[in-house]
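Comments concern the structure below.
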Amino acid sequence: MAGASNLKWCEPCSRDGENQPAESWCSDCVEPLCVECAKFHRKGKITANHKTIPILEAEKLDSSILDISESCHIHDDQKLSFFCVQHDKICCAFCLRESHNACKDVKSIEQASKGVKMGTAIGDLQRRISEFSLMIGKILDVCKNNLSSISDQKDEFKGKLINFRKELSTYLDELEQEIYTKLDVCDKECTSEIEKKIKDLTIGQNKSASRQTAIETLKNMLPKQEYLQQSKL
């Protein structure tokens, strides 16, 4: 079975190792046929009643339609000829006898499909498909808008992040400069205070040394006895 995926070449000829261009499509066999195979198809006793359409028309149809076989998938040699309304299912004569014998509303395919193109069901189906397509279009628009919104939000967030980094960098620079300034002031104040204390201590030290020298000089100038008396005092 070729299916709808390859309509270019005749399927019977391909099985025989030949490549012949297809000119028609058999919906019963679900395969494309060349000119010669289509002739034999119409002449064959089993395939004489198979329905075929030009390959150009088949190419325009949806693949799901082309892949629908008119032969029963349970009884390969039987054609799908009946429609069970109760089970909403098409079947062959054998299936009808085996599985739908008790069903009350069974019609032939021809009866079930009669007037379907002009019926309200097909019109309702077309309306629903149209509404469904419109709904899909709206959903697509929403998805596209959301996608665009996500992109815009991403760009906005990146912009905010860049600005935040700039502001943070500026703040850190100002904070660093402020800290350096305070450190310089503190350094000057502490240095000045320490230098003042060193100066005061140095003066005190010099005064103490001068006094010590004066005492030593005075001691040498006084008589020893008087010095001893002064020491006792």
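Quick note: the coordinates plus some simple rules give every number you see, no bench work behind them. Nothing here was measured: the structure is a model prediction, and the numbers come from that model. Cβ sites come from the backbone with ideal geometry, for glycine too, and all protein chains shown count toward neighbours.
Starting from the Cα gyration tensor of region 84-203, take the square roots of the eigenvalues, sort them a ≥ b ≥ c, and report rounded, prolate or oblate (rounded when a/c is under 1.5, otherwise prolate if a/b is larger than b/c, else oblate).
Prolate shape, in that a/c is at least 1.5 and a/b is the bigger ratio.
Treating only the Cβ atoms of Lys and Arg (+1) and Asp and Glu (-1) as charged, compute the dipole magnitude of region 149-205 about its Cα centre; round to the nearest 20 debye.
100
Could you give the dipole magnitude of region 7-66 about its Cα centre, charging the beta-carbon of Lys and Arg +1 and that of Asp and Glu -1, in debye to the nearest 20?
280
Among all the lysines, which ones have a C-alpha under 19 Å from Lys39's C-alpha, if same-chain residues fewer than 8 places away are not counted?
Leaving aside lysines fewer than 8 places away in the same chain, those within reach of Lys39 are Lys8, Lys51.
Name the aspartates and glutamates eligible as straight-distance cross-link partners of Lys196: C-alpha to C-alpha under 15 Å, and not fewer than 8 places from it in the same chain.
Asp187
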